[in-house]
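Working notes, structure below.
None of the figures in this text is laboratory data; all of them are computed from the coordinates on show. What you are looking at is a predicted structure, and each value in this text was computed from that prediction instead of being measured. Don't worry about glycine lacking a Cβ; one is built from the backbone with ideal geometry, like all the others, and counts go over all protein chains shown.
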Amino acid sequence: MTEVQILDKRFREYIPENSVQKRITELADQINNDFEGKEVIFVGVLNGAFIFAADLYRRIDLKSRITFIKLASYAGTSSSGEIRELIGWNEDLKGKSVIIIEDIVDTGITLEHTVDNLIIRNVREISIVTLLLKPAAYKKNIQIDYVGFEIPNDFVVGYGLDYNGEGRNLPSVYALVS
Ligand code: IMP
């Protein structure tokens, strides 16, 4: 088992790179099928989703665009529950089919905030794709259309996800060794 040290914590490989990539191809195939003939705007949620968004978007063959917003709710290894919106929303999204790209949905607070921001922009439809979902932590009723992997309520890093700013460049997903 591959282990890595990030700052003061040890993490163990949890979803290997090849499994992540295989699953992204499956998610892209589903989205390409489901949205065939539609014009789509993908909205990636920074920072965590930047690698997933890049890998997913390269497999999308729809007439589409991608934009990014930046929010933050995490400090350390547990959700602070507070949302700060830092950058975003300069595209005209009115009447468009939007697909939100998330790296991970934990409590769902970030997702709800993003969805609320889209609703007031009068988009036509909102779909959600996330690489990771923690079902035991998820507290919202918003339907998540495409889920890469359901994971336990453990802290993970890698593939865009960080621990105090580090570890985003790991190609696999790693879980905290307790
Ligand atoms: P939520 O608002 O509680 O759903 O948290 C979502 C955000 O918290 C994600 O976009 C991540 O930035 C961060 N996050 C949640 N769980 C983890 C984790 O296990 N590792 C790293 N970041 C996480």
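Numbers below:
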quantity: Proximal charge balance of residue 91 [Cβ under 13 Å; K/R count +1, D/E count -1]; calculated: +2
quantity: For residue 36, net neighbour charge (Lys/Arg +1, Asp/Glu -1) across residues whose Cβ lies under 14 Å away; calculated: -2
quantity: Residue among 115, 157, 45 with the largest mean-square fluctuation in a Gaussian network model of the chain, springs linking Cα atoms under 10 Å; calculated: 115
quantity: Across 38/94; 38/96; 94/140, pairs whose alpha-carbon gap is larger than 19 Å; calculated: 94/140
quantity: Long-range amide H partners of residue 177 with built H, under 5 Å; calculated: 10, 11, 12
quantity: Backbone HN-Hα couplings from phi across region 148-161 [Karplus 6.51/-1.76/1.60, Hz, Gly and Pro as x]; calculated: x, 9, 8, 10, x, 7, 10, 7, 10, 9, x, 6, x, 8
quantity: The chain: antiparallel DSSP beta bridges as a percent of all, rounded to 5; calculated: 40 percent
quantity: Long-range amide H partners of residue 128 with built H, under 5 Å; calculated: 100, 145, 146
quantity: Estimated FRET transfer efficiency when R0 is 25 angstrom, pair residue 34-residue 89 (beta carbons, to 0.05); calculated: 0.50
quantity: Separation in nanometres of the label points that stand 7 Å from Cα toward Cβ, at residue 65 and residue 50; calculated: 2.1 nm
quantity: Integer Hz, Karplus 6.51/-1.76/1.60 couplings in order for region 120-136, x for Gly and Pro; calculated: 5, 8, 6, 6, 6, 8, 10, 10, 10, 10, 10, 5, 10, 9, 9, x, 5
quantity: 12 Å beta-carbon shell around residue 133, net charge (K/R +1, D/E -1); calculated: -3
